[in-house]
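The values are calculated or read from the model by the stated rules, or taken from the named source; none is laboratory data. This one's a predicted model, so the numbers in the text were calculated from it and none came from an experiment. Positions of Cβ are backbone-derived with ideal geometry, glycine not excepted, and every protein chain shown enters the neighbour counts.
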Amino acid sequence: MGLNMAAGLQGMLKDGHKHIDGVDQAVVKNLEAATQLSKICCSSMGPNGMNKLVINHLDKILVTSDAATILQEMEVMHPAAKMLVMGASMQEREVGDGTNFVVTFAGELLHKAENLLRMGLHTSEIVAGYKQAYDKASSILDSMSCYRVEDIHDKTQVQFAIKSVIMSKHYGYEDMLSNFVADACLQVLPPKGKVPKINVDNVRVCKMKGGSIHDSIVIKGMVVTRDTMGAVKLVENAKVAVFGCGIEASATEAKATVLIKDATELKNYNKSEEAMMEDAIRGIAESGAKVLIAGGSISEMAMHFIQRYKMMAIKIMSKFELRRICRAVGAKAIVRLGAPTPDEMGACDKVYVKEIGDRKVTIFEQDKEESRVSTIILRASTENLLNDLERAIDDGVNTVKVMCKEPRFLPGAGATEIELARQLHTLGEEAPGLEQYSIKAFSQALEVVPRILAENSGQAATEVISSLYAAHAAGDTKHGVEIEAPGGVKDKAADGILDNLATRKGAMDLAVDAAITVLRVDCIIMSKAAGGPK
């Protein structure tokens, strides 16, 4: 049958495509998908947030309340909901915290937009109102800062500022975990006088199953989760040589056959290889190196000579780990086997093997100067808990990183959102055009944060929100949800419940962007999926 070119859209697109348009078909379906996604995430917000059990496509079980992880492992297929996931993953990459707010707030904005569409407003009017409300909200945020980290090298200030980030993941452990994070971050900060900045990769987490969280420690330096080879288990003030290759006899380039006539020749042939190996190891020993780190395997013969010269040897298979070790001890990785030059060698105050739980680990500890790498050795009973604690620590470290650029903080526990909602509602009342409806919708969407915090702690959300509005109208603009006293509101900023200004701003930015992008879609065209039958 010839293709009928006059069959309109059907003839224009390839066979097997799908075309969905119109308000009811496309727009509302998109809004529904996004709202459903935010419903899943929102119950995990705040210190009393619920955990989700996600089983990913590889049958790995995750139990977490970290929105970025949940969304990543859920593999969302719906194109509109995917926009929200992209917003959240961007927030995770840029700031490292506040992912839940992105999805929850964007979902709430879209939910409110659905009501406005049913009222008969046009999408462009809704978008215009949302943009106006967002611009106003941005300018209000700057004036709301209530705490500032004056000195990033002061542990108490840093700890005070990151406590609420960790609290929202592991309520009850925030003092201990924020102590670890503050210690680890201050160790890798440049000294005073230099521009403060943190490379998140320099704060390592070493997870060891067994024991409890109270057994965790912070180590200035690097931890390798394997034993050393040979008998030397402790070296102090060590010079460290790092080899990017294995320590073994190098194979020749050309394949050659050696014809051996009698036994003495066989003996000498082997001896020459031995002599070469001994020369190489002796050269390394004479250069002053006491610790050898190999990026590949260490042969038996090499090990024999390393033992003879009383050096410590460690094999590290991951090249990323090798780079980190170079950073921790200040060495350069050498790709030839032989004596290292002084500037290729690193130094470490103490290298020793320690047994943690049932595993032996090698610890590179730096005492004198600021270390370039610090490690938190985390202990917990199960794999899942360890992974979740690691995510909380990750959020804490990221907050310290953001703090280097933006030391200002906003009042947390929903106080900021209610204050914004109150001021935007007034703006909506004054707006002359049809945008007033969407500005008010934006202000109502902001109530979602205190509402969820109240619901997650088993309170009547409507009562809490009306008490908050009353407190804020009376001028107490730092009042937030008190999760431990039913129906209570109090000045939570004084208790150290804070949100970083840059984190909040970035999250709001991405949420509004994602919501507007989804709103502007009025038609979905899907080509036929590539590949054979599933």
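Structure above, values below:
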{"read-out": "Some residue of region 469-476 being of a type outside the set (A, V, I, L, M, F, W, C) and farther than 25 Å from Ser38 by Cβ", "value": "yes"}
{"read-out": "When residues of region 38-59 are limited to those that are in contact (Cβ under 8 Å) with a residue 12 or more places away in the chain and more than 24 Å from Met167 (Cα to Cα), the one surrounded by the fewest Cβ atoms within 10 Å (Cβ to Cβ)", "value": "His57"}
{"read-out": "Tyr173 vs. criteria surrounded by 14 or more Cβ atoms within 10 Å (Cβ to Cβ) and more than 24 Å from Glu390 (Cβ to Cβ)", "value": "no"}
{"read-out": "Every residue from region 279-304 that is under 13 Å from Ala249 (Cα atoms), crowded, with 21+ Cβ neighbours inside 10 Å and of a type outside the set (Gly, Ala, Ser)", "value": "Ile281"}
{"read-out": "Enumeration of residues in region 132-154 that are in contact with an Asp or Glu (Cβ under 9 Å, 6 or more places away or on another chain) and in a helix (DSSP H, G or I)", "value": "Gln132, Ala133, Tyr134, Ser138, Ile140"}
{"read-out": "Count of residues meeting criterion [surrounded by fewer than 21 Cβ atoms within 10 Å (Cβ to Cβ) and in contact with a Lys or Arg (Cβ under 8 Å, 6 or more places away or on another chain)] in region 433-460", "value": "1"}
{"read-out": "Region 227-245 residues that are on the phi > 0 side of the Ramachandran plot, paired with ones that are of a type in the set (Gly, Ala, Ser) and surrounded by 18 or more Cβ atoms within 10 Å (Cβ to Cβ) (beta carbon under 8 Å, 6 or more apart)", "value": "Gly230/Ala313"}
{"read-out": "Residue among Val335, Val361, Val291 that alone is among the β-branched types (Val, Ile, Thr) and under 30 Å from the mean Cα position of the chain (by Cα)", "value": "Val361"}
{"read-out": "Complete set of residues in region 349-360 that are of a type outside the set (Ser, Thr, Tyr), in contact (Cβ under 8 Å) with a residue 60 or more places away in the chain and surrounded by 13 or more Cβ atoms within 10 Å (Cβ to Cβ)", "value": "Asp349, Lys350, Val351, Val353, Ile356, Arg359, Lys360"}
{"read-out": "From Ile363, Ile376, residue being crowded, with 16+ Cβ neighbours inside 10 Å, part of a strand (DSSP E or B) and touching a helix residue (DSSP H, G or I) at 6+ places or on another chain (Cβ under 6 Å)", "value": "Ile376"}
{"read-out": "Any chance Glu300 is among the acidic types (Asp, Glu) and modelled with pLDDT of 80 or more", "value": "yes"}
{"read-out": "Check on Gly172, closer than 22 Å to Met45 by Cβ and not in a helix (DSSP H, G or I)", "value": "yes"}
{"read-out": "Neighbours by Cβ (under 8 Å, 6+ apart or cross-chain): first from region 335-348, in the same structural domain as Met276 (by TED's automatic domain parsing); second outside any loop (DSSP other than H, G, I, E, B) and charged (D, E, K, R)", "value": "Ala339/Glu286; Met345/Lys239; Gly346/Lys239; Ala347/Lys239; Cys348/Glu365"}
{"read-out": "Test: residue in region 210-224 that is under 18 Å from Asp395 (Cβ atoms) and in a strand (DSSP E or B)", "value": "yes"}
{"read-out": "Residue within region 118-129 that is over 16 Å from the mean Cα position of the chain (by Cα), buried (at least 20 other Cβ atoms within 10 Å of the Cβ) and either outside the structural domain of Asp66 (by TED's automatic domain parsing) or assigned to a helix (DSSP H, G or I) (or both) present", "value": "yes"}
{"read-out": "Those residues of region 310-338 which are crowded, with 20+ Cβ neighbours inside 10 Å and farther than 16 Å from Val224 by Cβ, in sequence order", "value": "Met311, Leu337"}
{"read-out": "Any hit, region 230-242, residues being within 25 Å of the chain's Cα centre (by Cα) and either crowded, with 19+ Cβ neighbours inside 10 Å or of a type in the set (D, E, K, R) (or both)", "value": "no"}
{"read-out": "Residue ranges of helices (runs of 4 or more DSSP H) in region 431-534 with at least 1 members closer than 19 Å to Gly87 by Cβ and in the same structural domain as Ala421 (by TED's automatic domain parsing)", "value": "435-446, 448-456, 501-519"}
